[in-house]
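Data first, discussion second: the structure below is written as structure tokens.
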Amino acid sequence: MHTADQVRHALTHPDPAARPMMRWWWFGPDMDRAEIDRELRAMAEAGLGGAEVALVYPLRPGAPHYLSPEVLAHLRHAAERARELGLRLDVTLGSGWSYGGAHIGAEHAARRLRWERRDLGPAALEWELNPSWPGDELVSVHLGEGLPPTGWQRLPVEGARLQIPVGRGPRTVLLAWSEVTGQQVKRSAAGAEGPVVDHLSAAAVRHHLDTVGGAILEAVPAELLGSVFSDSLEVYDAGWTPGLLEHFRTRRGYELLDVLHLLEVDGPESAQVREDYGRTLSELVEQGFVATCRAWAEEHEVRFRLQGYGQPPITLGAQRGAHLIEGEGAGWTALTQSRWASSAAHLDRREVVSSEVWTWVHSPSFRAAPLDLLAEAHEHLLLGITHFVGHGWPYSAPDAEGLGWTFYAAGALDDRNAWWPAMPELSAHLTRLCAALRLGAPGADVALYLPYADVRAARGSGHDLWAACRAHIGERIPAAIRRAGYDLDLIDDDVLETVDPAAYPVVILPRIVRLPAAAEAWLDRVRAAGGTVLAIDSPAYPAGIAVPMPTDEYDDGALIDHATLSMVGAAGGGADGGGDSALAGALREVLPPPLQLSGDGGQVGAVRRRLADGELHLLANTGPTRRTL
């Protein structure tokens, strides 16, 4: 473990690898070699550590097509020039997001279940089942007797012909179709337009990587790249794939088709079927996407960096399958994607965990100032982040009119800003802090258990597991923990078998109604090791100490994109030490906080790293007024 002397050295002589990077948008891609060189030099002079190339939509006619020889030559040139300047260059394995494009046909495109419901009388019925759209496939047919329907049964379908026998009264028939979602790649470059790939299918993902990644890595040697990158998973409603039924049968031990209707209608077993279905989706995205991308990257001798959250419902633990873990989202008292990412990194004792920062900062472009960037960066540090990827740097053609080109969702954080002479000092400050906070071991005393079983049981289709968990937990619980002076890590069912029950003195259960047996056994071991389990409205674990707390759950639809996410603030008292919440009091009874602050007004955050000969604490004032502590 590192020492205090090594921390002091990191602050005075920081590792250059800790310098912040920028996402570098190439529009079109319509590029000029001389301008590529000029912008890379400007990055180096500003103290930045490199760039992540993101090829996006054209801003004028005539752009060459994505992956054309001209564009690939520009990528190779940029990588070579970055190396000469001592900069790191990463590249996204796709245009826009999520992965996909013109090379993705119906056999490789993201799919979902579509339910067709028909109310019937008692008469027998026979008709042809014809797909309503090319690529649609019938999955199953279910018949329910009565009104409301009960006693469901699965009906056989011979060829494309459905026969419904005579009934005794009103009935309902449910038809489950697998269909392509139709989602297209967002903000795609010229020639890269097309469907999003099926992230649940290893074969589909491999097809994308071989087509797009293969072309990029053939043009740009792997040794010139810091990593290949995947942005957050935003494959909306992705809830089906050709291999799902077989995987479900193998892992869950029963036939999903027999009970598939319980994803759509309520019944005594609906919650369990939905939980099993959601768990299966999580396993498939981990195997089909994360593991496939990592294996492909290793075959090509390059690292894979992942923003591992979104849809399909990827778990926190699955992020560890990437070589480099990345988050996004400020809010030091909230369960942002940055907290999701840093928690996964801490479980593996990884020193480096990055975050996409400054998305939508003081929008629109050119309104952000260094203080805006500094304030948000400090919040990411308080979330456990140790590397920054700014969002971002828009490439701008030398002959572009007016202020030049900008990206729609960000500040234009480049040398066109009047305040740019201050950027080297800001970069140096962030580099020092990131370098220092990579040393030692994570210092969180509190583990917050993620309610996978509960949120899966409430959803019968594709969903965002991070957003669902944050909405279920609410904002008050993490805010009370942080403002009381404690740091936290998120833990999930996937990682418990590798987490020492004595690793966290306190484990908090946030409104847990469904608790897997393995998790219950692990909580018992936590208590046996001397730890405390605080149960907030969690009847699933009566052995925990009950803590009352007002509910503030909300619809996870409020977390669907950056624009709405930025409006969801962290709730909780602003008094010193987290106020008088029952949770803060319960925490203090079992464990004093690492730092007991007064005068902080609930706005001074702290993060701790454990050292061989002491502790490192970073304190950051997140409020608008000066504080004397």
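Table: residues versus (1) among the aliphatic types (A, V, I, L, M); (2) assigned to a strand (DSSP E or B).
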{"position": "G135", "(1), (2)": "no, no"}
{"position": "S140", "(1), (2)": "no, yes"}
{"position": "L143", "(1), (2)": "yes, yes"}
{"position": "P148", "(1), (2)": "no, no"}
{"position": "Q163", "(1), (2)": "no, yes"}
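Please return the ranges of strands (runs of 3 or more DSSP E) entirely within the range 247-363 where 1 or more residues are touching a His at 6+ places or on another chain (Cβ under 6 Å) and of a type in the set (A, V, I, L, M, F, W, C). Even if it seems obvious, please write down each step before you answer.
Working: elements: 304-307, 324-328, 354-357.
By residue number, 304-307, 354-357.
Give the residue, chosen from G94, G86, G100, G105, that is closer than 24 Å to P313 by Cα, surrounded by fewer than 18 Cβ atoms within 10 Å (Cβ to Cβ) and modelled with pLDDT of 95 or more. On inspection, the qualifying residue turns out to be G105. Could you say whether any residue in the range 320-334 is acidic (D, E) and buried (at least 24 other Cβ atoms within 10 Å of the Cβ)? Yes, some residue in the range 320-334 is acidic (D, E) and buried (at least 24 other Cβ atoms within 10 Å of the Cβ).
Does the range 175-190 hold any residues that are under 23 Å from P134 (Cα atoms) and surrounded by fewer than 22 Cβ atoms within 10 Å (Cβ to Cβ), and which are they?
L175, A176, W177, S178, E179, T181, G182, Q183, Q184, K186
Scanning the range 7-32 for residues that are assigned to a helix (DSSP H, G or I) and over 32 Å from the mean Cα position of the chain (by Cα) yields R8, H9, T12. Hey, any hits in the range 267-281 for a residue that's more than 22 Å from the chain's Cα centre (by Cα), closer than 22 Å to H323 by Cα and not acidic (D, E)? No, that holds for no residue. Per the listing F366, F407, the residue uniquely outside any strand (DSSP E or B), surrounded by fewer than 24 Cβ atoms within 10 Å (Cβ to Cβ) and at pLDDT 95 or above is F407. Residues of the range 585-626 that are buried (at least 18 other Cβ atoms within 10 Å of the Cβ), outside any strand (DSSP E or B), of a type in the set (A, V, I, L, M, F, W, C) and modelled with pLDDT of 95 or more: A586, L587. Of all the numbered requirements in (1) over 26 Å from the mean Cα position of the chain (by Cα); (2) without any contact (Cβ under 8 Å) to a residue 24 or more places away in the chain; (3) closer than 22 Å to E107 by Cβ, T250 misses one, and that requirement is (3).
Among G267, G253, G214, which is surrounded by fewer than 18 Cβ atoms within 10 Å (Cβ to Cβ), at pLDDT below 95 and farther than 24 Å from A467 by Cβ?
Among G267, G253, G214, only G267 is surrounded by fewer than 18 Cβ atoms within 10 Å (Cβ to Cβ), at pLDDT below 95 and farther than 24 Å from A467 by Cβ.
Taking T315, is it among the hydroxyl-bearing types (S, T, Y), buried (at least 24 other Cβ atoms within 10 Å of the Cβ), within 10 Å of the chain's Cα centre (by Cα) and farther than 25 Å from A51 by Cβ?
yes
Being farther than 23 Å from T359 by Cα, among the small types (G, A, S), touching a residue at least 12 places away in the same chain (Cβ under 8 Å) and in contact with a helix residue (DSSP H, G or I) (Cβ under 8 Å, 6 or more places away or on another chain), is that true of even one residue in the range 38-53? No, the range 38-53 contains no residue that is farther than 23 Å from T359 by Cα, among the small types (G, A, S), touching a residue at least 12 places away in the same chain (Cβ under 8 Å) and in contact with a helix residue (DSSP H, G or I) (Cβ under 8 Å, 6 or more places away or on another chain). Annotation: A204 fulfils all but one of (1) surrounded by 18 or more Cβ atoms within 10 Å (Cβ to Cβ); (2) more than 30 Å from the chain's Cα centre (by Cα); the unmet one is (2). I164 meets the conditions (1) modelled with pLDDT under 95; (2) in contact with a Lys or Arg (Cβ under 9 Å, 6 or more places away or on another chain); (3) farther than 23 Å from L129 by Cβ in every case but one. The failed one is (3).
Please determine, by comparing only the residues of the range 1-27 that are of a type in the set (G, A, S) and in contact with a strand residue (DSSP E or B) (Cβ under 8 Å, 6 or more places away or on another chain), which one is nearest to E425 (Cα to Cα). Restricting to residues being of a type in the set (G, A, S) and in contact with a strand residue (DSSP E or B) (Cβ under 8 Å, 6 or more places away or on another chain), the top hit is A18.
Identify the residue in the range 301-312 that is hydrophobic (A, V, I, L, M, F, W, C) and over 12 Å from the mean Cα position of the chain (by Cα) and, among all such residues, is farthest from S98 (Cα to Cα).
Only one residue tops the list, namely V302.
For the range 44-102, a residue qualifies if it is of a type in the set (V, I, T) and in a strand (DSSP E or B), and the qualifying residues are V53, V56, V91, T92. When L245, L209, L233 are checked against the criterion of being closer than 15 Å to L281 by Cβ and within 23 Å of the chain's Cα centre (by Cα), L233 stands alone in meeting it.
Taking the criterion of being surrounded by fewer than 24 Cβ atoms within 10 Å (Cβ to Cβ) and of a type in the set (A, V, I, L, M), the only residue of the range 383-397 that qualifies is A397. Of all residues in the range 455-473, those satisfying the criterion of being under 29 Å from R527 (Cα atoms) and surrounded by fewer than 22 Cβ atoms within 10 Å (Cβ to Cβ) are A457, A471, H472. When the range 125-167 is limited to residues that are under 16 Å from D266 (Cα atoms) and of a type in the set (A, V, I, L, M), the one that is surrounded by the most Cβ atoms within 10 Å (Cβ to Cβ) turns out to be L143. Taken over the range 62-107, residues that are more than 24 Å from Q184 (Cα to Cα) and aliphatic (A, V, I, L, M) amount to 8.
Checked against the criterion of being at pLDDT 95 or above and among the hydroxyl-bearing types (S, T, Y), the range 202-211 contains one or more residues that satisfy it.
The values are calculated or read from the model by the stated rules, or taken from the named source; none is laboratory data. Please read these numbers as outputs of a predicted model, since none were measured by experiment. Note: ideal-geometry Cβ built from the backbone for every residue, glycine included; neighbour counts use all protein chains shown.
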